[in-house]
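Asks: Would you mind keeping the following structure in view while I ask a few things?
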Amino acid sequence: MSKSSGEEEVHSKNSRLLVGFEDHECKEEHNRDMRNNSDAYDEEEDEDDLASERQISVGICSMMKKSNSKPMTQIMERLCKFEYISVVIFPEDVILNEPVEKWPVCDCLVSFHSKGFPLDKAVSYAKLRNPLLINDLNMQYFIQDRREVYRILQEEGIDLPRYAVLNRDPDRPEECNLVEGEDHVEVNGEVFHKPFVEKPVSAEDHNVYIYYPTSAGGGSQRLFRKIGSRSSVYSPESTVRKTGSYIYEEFMPTDGTDVKVYTVGPDYAHAEARKSPALDGKVERDSEGKEIRYPVMLTAMEKLVARKVCLAFKQTVCGFDLLRANGHSFVCDVNGFSFVKNSMKYYDDCAKVLGNMIMRELAPQFHIPWSIPMEAEDIPIVPTTSGTMMELRCVIAVIRHGDRTPKQKMKMEVRNALFFDLFEKYGGYKTGKLKLKKPKQLQEVLDIARQLLAELGQHNDCEIEEKKSKLEQLKTVLEMYGHFSGINRKVQLTYLPNGQPKASSEEEDSLKEGPSLLLVLKWGGELTPAGRVQAEELGRAFRCMYPGGQGDYAGFPGCGLLRLHSTYRHDLKIYASDEGRVQMTAAAFAKGLLALEGELTPILVQMVKSANMNGLLDSDSDSLTDCQQRVKARLHEIMQKNQDFTEEAYQKLAPTGSPSLVNSMKIIGNPVKTCDQVYALIQSLTCQIRKRLEDPKSANLQLYHSETLELMLQRWSKLERDFRMKSGRYDISKIPDIYDCVKYDTQHNSSLSLDNMLELFRLSRALADIIIPQEYGISKLEKLDIASAYCLPLIKKIQLDLQRTHEDEAVNKLHPLYSRGVMSPGRHVRTRLYFTSESHVHSLLSIFRYGGLLNEEKDEQWKQAMDYLSAVTELNYMTQIVIMLYEDNNKDPSSEERFHVELHFSPGVKGCQDDENAPMGFGFRPASVENQEKQEDLGSLEDLSKDEPDRAILTEPLSIHRKSPLIRSRKAGSMEVLSESSTSSRNTTYRLFPSCSRQSDIKSSGLGFEGCSMVPSIYPLETLHNSLSLKQVDEFLNKVCESRSETLTKTLKSMSTVFDSQIQPSTEPENPERSSSCQAPPPQQQQSPYWYTGGPPSTVSSSERSSPVAGESSSNFGFNNE
């Protein structure tokens, strides 16, 4: 059949991709002929010639930008390869300006709305010609209205975030009830606490805002349609929009990744992950400028959701957004007609599915001989990695927060009715304690202080028992900074039924009868800019522990970890205690780890879990255990003796014989005389600061982090007053505060050149090196008792993390068809990062040191590790305890050799004068002696650290004890960076992050990170042990947990009520490798730990994965994240 004169052929050869028709009558005639072909041709004509006349015309009716897009062109070209299908593209001019009667005639219509498209005309055309519709046209009206989208989703039983609609419609005032609070909005009676999302009801309006709580820094993230490399921007504006109609919905914490799902019919769904636009607003693009997306595998439940969405909206080709949060998947947007970009596999699949669908529907009426091809559509299971290669399966790190401003505290007993009213208002009587951090709450405390001071000013003899000086200090601190932020100040109130049991050193008044409240005001302790840099740099360097993450980690685009995370093979959860400095450290670390940009607030809200974790990482330092109180009393007694330390004192104070303790005791000699020296040095310091203040040149001097000389003087004057009590004795509990302050000023305010600052640093450090570690126990038994009181929940959580890792099979794996270039496509790494304060780090280390994990006499590596830890004087900022779990796929799953555990440690940031006496460890992942002898020529971890095509097939076995091929590049004064060696350094250990070689260069310049002269560098990770079995570690952790059961009643009185009220029997599936002791704990521990209890829908999922698995609903592991 000859081509119509108006027909333009776009593709040659066998493609039948046509653009428009001028002679519409000709086209109609052509179609009539085609439909009646059995009558139109002679029966003797060749069957092949007959078949060539039978063409199904597929019309593409959309705006030119969409019709000519690369995905559309690629798919239509493939569709034309179907023998009986031809494609005609409706010209945009015809669509916009011609009546539908003059539009090309087609048998099947692909038509969809976009900006400027006349959907009404398309609907009229469909009524006129009645073609097979790929995407229903009437439903596209609903897709343009988010209210209708959510209604349909709800009717179909598809999970979506909790939401409410605010209609600003003058005809329906009952739907426009909005009450805005500081940290919440109430929409028609439905309350949404920040963070929440505000979406315009029109789906065409992409200006979606996310509002953050004041505790995370406030403000909002403003999302918009991509402009260049931006998709959102952070704004300090915290109030919601006052014009227009919106949907308000609960914010879903997705760990920074969104999933886009693309259906082609109800039985096909392609899914891709991309970085959430709400995270830092920067669009990740490849070398061609395309947004980087990674295919991911959908779970069975998510595939069912895709089917439901496709059928409910009657859109064969349909895109929608999935949020994977808290172990569930929620649909948050349906976009209608949408193709995947830049995926040849998708183009093939899409054309095949559409072609088969069209032929199945239309071939019978056209009498076209066609049958559905029999093909296996299922994706094959990916084989595991060959060879005896170890796969990294789990990384658990417990990390102390970064550099902070000095913590300050003031205590006062209050009896005024206004304070009792406040205590009652916020439910203080329920537990006898109250913590006030929110701006509104702090404002109320400030108002009370102002009111009482005003009354005192008017009537000196009025009955206000609170001391004026304390009230003034309370007022001054709360008025600092000119605004409130819950991350830098807090007030704690504790109910005292009979008043203070005894007067503190600061109190002069005689004891009063009746109940009172102990008000503790805490301020300072904020993460400094240096602390942020430390955390971010450590996050960057942390990537180097993951396969493919080697090379210069700073901005390296092909980092294995980044790809691992974006493809959902990285199951990452970050936890932090409720302190602002800890949360901000976690956010800054995540920023470096995942190469994010911009403000920390959006990262904190989306990536860091910190609320209501039942004591996992928080500890109430004001509620000491009995054991800790006894230890502190003994410490004070020993340190108050005005004589040189005797042999008896050494035995009493350092029974473990720790070299760091013994050295500090030698420096001190006579503790009282040393305290005299420290007190005199503080007096000298305050005197020097006062003189500087009197000097007009330096009176307005700005110190580090916007501190003034006045504030610095206040800090030191308070220590001067508090350190020496009125009795003349010293308050030993102030020594950590003194060291804290002098460390801060030596590091950050050295430009003041104050006399004797270094001497004060030396002496207070020696005192602190005794007081701080020994407050967590003097004998081994005391250390264990106090440690387990602090971090028993964390120990159990770590045990659970290790056990769960090898149970995960179906989640967080790369789609196998896209795995070329990745050595092990099935690799799935679980990372759990716990950011906390000094107490938990000390406690966890004590458990590993003194809990009996290994026998020092029988294990040489453990003995060396214990000697190293004994020489460490301080667990400084950014201290890390890292546990890494590896799997040997060649070993039998039930074998003890299947899973290997390594334990690593770093004492954190380098101190001001650390380099001289820095203890030397044995490197990161050193080779063990026996393995060096046995396997001199075996493979190394180099095999695991490169992403090369087809590296999965390895013949060399790999020993977990081998050294890495990585050596250290020597960037003086920078955070120590890894570089890749061209040859394996087989005969030396290596370090993660260090810049200096093991023996020769141990002293580095200490100048800090490159470009940040005030930021000290961080000690490298040292391996404590690298050949533990998972069973060994599991049994050890069980033993630690069970040994606590006998003393739980005595040492955890404050937590007993929590256990009684919150514990439920565990529904957790038992691990077959778990020891029998865990399955049958002693009677005192019959019930599961309290973090096993289920929670509301906002809790973290049982598996804590980024995506759900069908059949796991019985698991009840969760932290309440309300």
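The values are calculated or read from the model by the stated rules, or taken from the named source; none is laboratory data. What you see is a predicted model; the values in this text were computed from it and never measured. Positions of Cβ are backbone-derived with ideal geometry, glycine not excepted, and every protein chain shown enters the neighbour counts. Accessible surface areas use protein heavy atoms only, side chains included; no ligands, DNA or RNA. Shrake-Rupley method; radii C 1.70, N 1.55, O 1.52, S 1.80 Å.
Asks: Name all residues of the stretch 264-289 having a backbone nitrogen under 20 Å from the label point set 7 Å from the Cα of K341 along its Cα→Cβ direction, giving them as ranges.
Replies: So the set is 264, 270-289.
Asks: So, R0 is 35 Å and r is the distance between the beta-carbons of K81 and R225; what FRET efficiency does that work out to, to 0.05?
Replies: The calculated FRET efficiency here is 0.55.
Asks: Let me ask another. According to a simple spin-label model (label point 7 Å from Cα along Cα-to-Cβ), what is the distance in nm between T73 and A633?
Replies: Here the answer is 8.4 nm between the modelled labels.
Asks: Another question about this same structure. Using a basic spin-label model with each label point 7 Å from the Cα along Cα→Cβ, how many nm lie between Q702 and D267?
Replies: So the two model labels end up 6.8 nm from each other.
Asks: Multiply the residue separation of S235 and S1043 by 0.36 nm, subtract the distance between their alpha-carbon atoms, and state the gained length in nm to one decimal. Mind dumping the intermediate values first?
Replies: Values: separation 808, 0.36 × 808 = 290.88 nm, distance 5.13 nm.
Stretched out fully, the S235 to S1043 stretch lengthens by 285.8 nm.
Asks: Using θ = phi - 60° and the Karplus form 6.51 cos²θ - 1.76 cosθ + 1.60, what ³J(HN,Hα) does each residue of the stretch 264-274 get, whole Hz, x for Gly and Pro?
Replies: These are the phi-based 3J(HN,Hα) values: 10, x, x, 10, 9, 9, 9, 10, 10, 9, 9 Hz.
Asks: Taking 0.36 nm per residue of separation and subtracting the Cα-Cα distance, what length does fully extending H459 through S779 add?
Replies: Values: separation 320, 0.36 × 320 = 115.20 nm, distance 5.48 nm.
Working it through step by step, the gained length comes to 109.7 nm.
Asks: Now for a different question. Which residues' amide hydrogens lie under 5 Å from the amide hydrogen of R404, considering only partners 5 or more residues apart or on another chain, with H built in the peptide plane?
Replies: So R404 has HN proximity to T528.
Asks: How high is the FRET efficiency between E186 and D145 when r is their beta carbon distance and R₀ equals 30 Å, given to the nearest 0.05?
Replies: 0.80
Asks: Quote the FRET efficiency, to the nearest 0.05, computed for H328 versus V179 with a Förster distance R0 of 30 Å and r equal to the Cβ-Cβ distance.
Replies: So, using R0 = 30 Å, E works out to roughly 0.55.
Asks: May I pose another question? Which sequence of E1042, E302 reflects their accessible areas, 1.4 Å probe, from the largest down?
Replies: E1042, E302
Asks: Something else: Under a 5 Å amide H to amide H cut-off, with H placed in plane at 1.01 Å, what residues pair with H206 once short-range neighbours are removed?
Replies: Result for H206 returns R225.
Asks: Still on this structure, please answer the following. Using 7 Å Cα-to-Cβ label points, what is the H367/V662 separation (nm, one decimal)?
Replies: Rounded to a tenth, the inter-label distance reads 10.4 nm.
Asks: Counting only the heavy atoms of the protein chains, how much of D626 is accessible to a 1.4 Å probe, in Å² to the nearest 10?
Replies: Using a 1.4 Å probe on the heavy atoms, I get roughly 60 Å².
Asks: Considering only protein heavy atoms, what is the solvent-accessible area of H705 at a probe of 1.4 Å, reported in Å² to the nearest 10?
Replies: 70
Asks: Relative to the present Cα-Cα distance, how much length would full extension add between Y650 and R729 at 0.36 nm per residue of separation?
Replies: 26.3 nm
Asks: To make sure I understand the rule: partners must be lysines, Cα under 24 Å from the Cα of K352, and not fewer than 8 residues away in the same chain. Which ones qualify?
Replies: In chain and number order, the partners are K13, K65, K66, K70, K81, K260, K303, K308, K314, K341.
Asks: Give me the accessible area per residue for the stretch 631-787, probe 1.4 Å, as a whole number in Å².
Replies: Details: 6960 Å² over 157 residues.
For the stretch 631-787, the per-residue accessible area is 44 Å².
Asks: For V1033, what accessible area in Å² do you get when you roll a 1.4 Å probe over the heavy atoms of the protein chains, rounding to the nearest 10?
Replies: 10
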